[in-house]
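What follows is one structure encoded as structure tokens, with my remarks underneath.
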Amino acid sequence: MKSQRHLFNIPKDQAYFNTAYFGCLLNESVNAAAYGTNLKAQPWNIHMSDFFTEADIARQLFAQLVNTDENNIALIPSASYGFATAAKNLNLNSNDSIMVLSEQFPSNYYIWEQIAIKSNATLSVVPRPEDDDWTSNILNTIDDNVKIISLPNNHWTDGGYIDLEKISKNISNSDIALLIDGTQSVGALPLDIENIKPDFLVVSGYKWLLGPYNLGLCYIDPKYHDGDPLEYWWGHKEGSENPASLINYPSEFLPGARRFDYGHKGNFHLLPPLIKSLEQLLKWGVDEIYQYTSEVNNKIIENLSDVGISTIDDKYRAGHYLGIRFNDRIPSDFTEYLTDNNVHVSVRGTNTVRVTPHLWINDNDIDKFVNVVKKYFKK
Ligand SMILES: Cc1ncc(COP(=O)(O)O)c(C=O)c1O
């Protein structure tokens, strides 16, 4: 695979290694978003079917990306919404515990803190492993009280890898619900629902799905499909695409996970750009994206081996996601220096700089990144 920069609107002098913050919209997505916005300028062109059709196209494309049936996919506005939906459909009692990782992203933490308080359950926080082997730490922390495990495929601060297949196999004969936050992995790190069989997979769409802000997708196992949605929007019921039927309050939900869609799921501003990005991701292939981004990160590691920084060992890190570690706190002017030189990364935690490339990165960007970092250390 070659760099796909020509499909994005990224000026030559900007080296953007920050997909974990925001993925760039494709040019095609920008055009599709303009089309959606223009529709609202002439609302007589918006038809009842528009509230349903594109939502189902996005559902189908995402289902293909993670290898499941489109009926298992709900549209969500944010990861926090997906986890709130999961929480509403899982029961706990006071002997139970919920497992999360140390320094896990807040949208997959606050909800469990609340649920633990309300149900008198325990929040079990897996400590950060000294050797970066999260999977072993997680497996060693699971006990008979754990009823929910909610974690990512890689840690959002530094790319530390979690082997979900191993964890899923380990708990397959238990009543533990497995919830995954795929926001920092799905679209770049291959994930197959059939292999992992999670209860919920929550993905905010604006990072590795290259979608717009405020739209995401959530896989929900069929065993929850009779459950309670967070909200009761008019368009969630059978027959609701016929406006005349609305005053009769149809009672049957649309099939599968559609009852869990957020209100305004037929968002004609946001769905067209998301559809374009999902189509493109499928065309490229997630395996290819993973390989390309891993190679970019490997080149960076090789070229920076002499400046006194370290990274997680390959076997414990997701390839698309590089955390560059400083021995001490990151110097306060480091990211500003990079930004001033048009190199974009982000800092999460106290001593890790996140480097998260995508297919827009080319060799010039890699050289620029390496040279600017080296210049910083020489100054
Ligand atoms: C691991 C992870 N999950 C989720 C999100 C976004 O959550 P939300 O969609 O609730 O804003 C982020 C954003 O940085 C993240 O890093």
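What follows is calculated from the coordinates using simple rules that are stated; it is not laboratory data. The structure presented is a predicted model; accordingly, all values stated were derived computationally and were not measured. Ideal geometry is used to build each Cβ from the backbone, glycine not excepted, and the neighbour counts take in all protein chains shown.
Details
- Distance distribution P(r), the range 184-336, all Cα-Cα pairs, bin width 5 angstrom from 0: 1, 7, 12, 14, 15, 14, 11, 9, 6, 4, 3, 2, 1, 0, 0 percent.
- Computed with the Debye formula from one identical point scatterer per Cα of the chain, without solvent, the log10 of I(q)/I(0) at q = 0.13 Å⁻¹ comes to -1.08.
- Working from label points 7 Å from Cα in the Cα-to-Cβ sense, the THR53 to GLU252 distance is 2.4 nm.
- Cα→Cβ-extended label distance, 7 Å offset, between ASP340 and ASN9, nm: 2.9 nm
- Taking the square roots of 5 times each eigenvalue of the Cα gyration tensor of the range 258-379, largest first, gives ellipsoid semi-axes of 32, 17, 15 Å.
- Stretching the chain fully between SER174 and GLU279 yields a gain of 34.1 nm (0.36 nm per residue, less the alpha carbon separation).
- Qualifying GluC sites (Glu not before Pro) for the range 188-254 [loop in DSSP, other Cβ within 10 Å: at most 16]: GLU231, GLU238, GLU252
- A Cβ-based charge dipole, computed about the Cα centre of the chain with Lys and Arg at +1 and Asp and Glu at -1, lands at about 900 debye.
- Counting only DSSP beta bridges whose two residues both lie in the chain, roughly 50 percent are antiparallel.
- Added length on full extension, which subtracts the Cα-Cα distance from 0.36 nm per residue, TYR232 to ASN93: 47.4 nm
- Value in Å of the Kirkwood radius, where the range 1-111 supplies the Cα pairs that are averaged: 18.4 Å
- Sparse-neighbour loop sites [trypsin sites (Lys or Arg not before Pro); the range 1-55; at most 11 other C-beta within 10 Å; DSSP]: LYS2, LYS12
- Once the chain from LYS315 to ILE46 is taken as fully extended at 0.36 nm per residue, the excess over their C-alpha distance is 91.8 nm.
- Number of Lys-Lys pairs in the range 29-282 with C-alpha atoms under 24 Å apart and a separation of 8 or more places or on different chains: 25.
- Calculated FRET efficiency for the pair ASN140/ALA244, C-beta based, R₀ 45 Å, to 0.05: 0.15
- Working note: 222 nm ellipticity from helices only, DSSP H runs with n ≥ 4, each -39,500 (n - 2.57), summed and divided by the residues of the chain, gives -10000 deg cm²/dmol to the nearest 500.
- Most tightly packed first, judged by the mean number of other beta-carbon atoms within 10 Å of their residues, the peptides 217-226, 48-57 read 217-226, 48-57.
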